[in-house]
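Structure first, commentary second.
Only the coordinates and a few stated rules stand behind these numbers; no lab work does. Bear in mind the structure is a predicted one, so any value in this text is a computation, not a measurement. Here Cβ is always computed from backbone atoms with ideal geometry, including for glycine, and neighbour counts include all displayed protein chains.
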Amino acid sequence: MAFSTYSRLLHVCKFLLGNVNTANSTSWVRHNFRILTACSNASMRFKSSGAADRQEKQKQLMARGLPKQKPLAGVKQVIVVASGKGGVGKSTTAVNLALGLSANDPDKTVGLLDADVYGPSIPKLMNLKGNPEVTEKNLMRPLVNFGIPCMSMGFLVEETAPIVWRGLMVMSAIEKLLRQVDWGNLDYLVVDMPPGTGDVQLSISQNIPVSGAVIVSTPQDIALLDARRGAEMFRKVNVPVLGFVQNMSVFQCPNCQHQTHIFGADGARDLARTLGVEVLGDIPLHLSIREMSDKGQPVVVSSPDSPEAEAYRNVASAVVQRLADLAH
Ligand SMILES: Nc1ncnc2c1ncn2[C@@H]1O[C@H](COP(=O)(O)OP(=O)(O)O)[C@@H](O)[C@H]1O
Ligand SMILES: [Mg+2]
C-alpha cells in the first residue's frame, strides 16, 4: 500500500518535471515548485517509513530464524571450555575443572557434557563405557564416575566408528545431548567443546544461556591466534569470556627439577592483557597429567595432593569467582 502510493507520487513528480521546461510563467513555476517540494517531502516520508517497516520486518524474520535460548531444566550455570585449536588440553581441563569445582565445594553438583561429537574423549578421560538407560520420560540417564554425571556421543556410538555428519545433523545431535538428558539438579554443567569456532559453538551459545566461556591455550603463537578467534566469537554471541587457562606453560624435569617453557612463557597472559580478559591459571606440562588422563584417572581425583591437582582446583576457584563477579 505504502509502496504503491509512493510510486504514484513519483509518477506525479516526473509528470510535473516534464512540464517545467514548457512553462515560462513565474507563477506556474512557483506553483509547481511548491507541488514538487510537497511531493518530495511526502515521498521522503514514505521512503523512510518504508525503510523502517522493512527493517522491522527483517528484524522479526531474523529473530524467528534464530533459536530461542531456553535454559536446561535443573541446570543453574553452564560453563563452556573451548579453544580455537585441537590438542591444547581442552578435554583434560574440562574434566579436571568439573572435578575441581566439586572438590572445592562438595555441596555443589557438577555435570560434564562432551560436545565434541566428532572426537568424544570424555568416556576415556572419565573411565566410562556403555549406553545410557532411558527414563520413563524418554530422557537419557547420564553415566556417572567420580560423582560427576556425564553425557557424550561416545556413549551412543562404537568407540572406533567414524562420525561423518554434516552441519544440521551435528546441531540436532547437540540439541539431543543437551536436552534429552536427565541431568537432575546441577549447579554447574561443564561443556567440553570441539575445537574451532563452528556450528557446534554457535549452536550451543544460541540454544542455551551460557554463563561463561573458559578458553584454553598453550602459550605458543599459533595456538594463541586461534584462542583469540575463540574469545572474539564468544563475545560476538554475548557469552562472557571468564578467562584464559594457560596450559602446558612450564615443564619441570623430574630428574633435575629444571624448568623449561617448551611452548613459551607468558603468551596466554600477554594475549589476555591485550584482549582485556582474565587469566584463570597456569597448568604445567606434566607427565602425570597425561598418564593419568590416559588411564581415566584424572589428577584432581587420583593425586589430589599434587601441585598439578592444586593448579586445576585454583582454576576452578577462579571460575567461581568470575561467575560471582559477573552476577553483580
Ligand atoms: N598440562 C598437561 N600436561 C601433560 N599433558 C597434557 C596436559 N594437558 C593436556 N595434556 C595431554 O595432551 C593431549 C591432548 O589433550 P586434550 O585434553 O585431549 O586436548 P583437546 O581436548 O584440546 O584436543 C592428551 O594426551 C592430554 O593427556
Ligand atoms: Mg578434546
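Listed values, structure above:
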| item | result |
| --- | --- |
| At R0 = 25 Å, FRET efficiency that the Cβ-Cβ distance of ASP305 and ASP325 yields, to 0.05 | 0.30 |
| Cut-off 12 Å (backbone N to label point 7 Å along Cα→Cβ of LEU168), residues of segment 185-206 | none |
| Cross-link pairs LYS176/LYS295; LYS57/LYS236; LYS129/LYS295; LYS108/LYS137; LYS90/LYS295 - those with Cα-Cα distance over 20 Å | LYS176/LYS295; LYS57/LYS236; LYS108/LYS137 |
| Difference of contour (0.36 nm per residue) and Cα-Cα distance, VAL144 to GLU56 | 26.9 nm |
| Unit Cα scatterers, Debye sum, segment 124-280: log10 I(q)/I(0) for q = 0.14 Å⁻¹ | -0.88 |
| Footprinting exposure proxy for VAL210, VAL95 (fewest neighbouring C-beta atoms within 10 Å first) | VAL210, VAL95 |
| FRET E, pair ILE262, GLU136, Förster distance 45 Å, beta-carbon r, rounded to 0.05 | 0.30 |
| Inter-site label distance for ARG229 and VAL157 at 7 Å from Cα along Cβ, in nm | 2.2 nm |
| Cβ-based net charge around ALA73, under 13 Å, with every Lys or Arg adding one and every Asp or Glu removing one | +3 |
| Nearest-0.05 FRET efficiency for LEU287 and ARG179, computed from C-beta distance (R0 41 Å) | 0.55 |
| Residue order, fewest to most beta carbons within 10 Å, for HIS286, HIS258 | HIS258, HIS286 |
| Sorted by Cβ density within 10 Å, fewest first, the residues PHE251, PHE155 | PHE251, PHE155 |
| Pair ASN127, ASP107: separation of 7 Å Cα→Cβ label points (nm) | 2.9 nm |
